[in-house]
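Before any comments, here is the structure.
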Amino acid sequence: MGNGMAKRQWRTRLADTLIRWGAALKPAPALVPPPTVLPAQLPDARQQAAIGQLPGLRPPLSIEEAVRERDLTVLKREASDALAALAAAHAVVTSARLAQLHNLRQAVERGELEEQEMVDFAGDYQAWQNDQVRLFDALALVLGMAVPEGGAFEQIDEDLLESAEAHLTALGAEYQRRLLSEQFENGQKEG
C-alpha cells in the first residue's frame, strides 16, 4: 500500500468517525439569541472582545506580522489547528444534514413532503460533503508539509531580502483585498 493511499484511508477514517459522532448528536434545543449590544455600550476590554467576534469589524490577520514574528513550525501548527477545527465543525454539520436527509426521505415515502424538497436538500448536503472532503485534504496536505526550524526570513539569502520583503507586502495586500472583496460580496447577498 502506497503512502498516498494510507493517508487517504486515514482521512477517510477520520471523516467517518467525525460523521458518526455528529450523527449521534441529538438536535440541540433552539437557543434564544443574546441581546444585541452595540460595541459603544461595552467597557473597553469587552468592547475589543466583541469587535473581535464581528468579521466586518475585526481587523484581518496581518500576514506580514505573522511571517515576521512566527517560526514556520508555529505557522504550520496554527494552520493545522485551524483547518482541523473547521473540518471537524464541517463534519458535524454534514452529519446532521445527513440525518435530516434521512428524515426527509421518510417524509417523502409517507407522502408528507414533495420529492423536490428532498432533492434540493440533498444538493445542499452534497455541497457540504464535498467541502468537507476538501478541508480534510487541505489538512492532510498541511500536516504532511516539511518546514524547517526558524522564521521565513532566516531561510532567505541576504541578497534577496529586499525583494522578499516586497513580495511579502504584496501577498499581504492581496489577502486583504480578497477579504474585503468577500465581505463586500457577502454584504450584497444579504442586502
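Coordinate-derived values only; no laboratory data. Note that the coordinates shown come from a computational prediction; the quantities given were computed from them, not determined experimentally. Backbone-built Cβ (ideal geometry, glycine too); neighbour counts: all protein chains shown.
Just checking, which of S163, S181 is part of a helix (DSSP H, G or I) and within 24 Å of the chain's Cα centre (by Cα)?
Working: S163 fails: within 24 Å of the chain's Cα centre (by Cα).
S181 is the lone residue from the list that is part of a helix (DSSP H, G or I) and within 24 Å of the chain's Cα centre (by Cα).
Against the condition closer than 30 Å to G172 by Cβ, surrounded by 15 or more Cβ atoms within 10 Å (Cβ to Cβ) and touching a residue at least 12 places away in the same chain (Cβ under 8 Å), how does A91 come out, does it pass? Steps first, please.
On the way: closer than 30 Å to G172 by Cβ: no; surrounded by 15 or more Cβ atoms within 10 Å (Cβ to Cβ): yes; touching a residue at least 12 places away in the same chain (Cβ under 8 Å): yes.
The answer is no for A91.
Looking for something part of a loop (DSSP other than H, G, I, E, B), in contact (Cβ under 8 Å) with a residue 60 or more places away in the chain and surrounded by 15 or more Cβ atoms within 10 Å (Cβ to Cβ) - is there at least one such residue anywhere in segment 138-158? Walk me through how you get there before you give the answer.
Of the residues in segment 138-158, the ones part of a loop (DSSP other than H, G, I, E, B) are 145-151, 156-157.
Next, only the ones that are in contact (Cβ under 8 Å) with a residue 60 or more places away in the chain stay: 145, 147-151.
From what is left, the residues that are surrounded by 15 or more Cβ atoms within 10 Å (Cβ to Cβ) are 147, 151.
Checking segment 138-158: at least one residue is part of a loop (DSSP other than H, G, I, E, B), in contact (Cβ under 8 Å) with a residue 60 or more places away in the chain and surrounded by 15 or more Cβ atoms within 10 Å (Cβ to Cβ).
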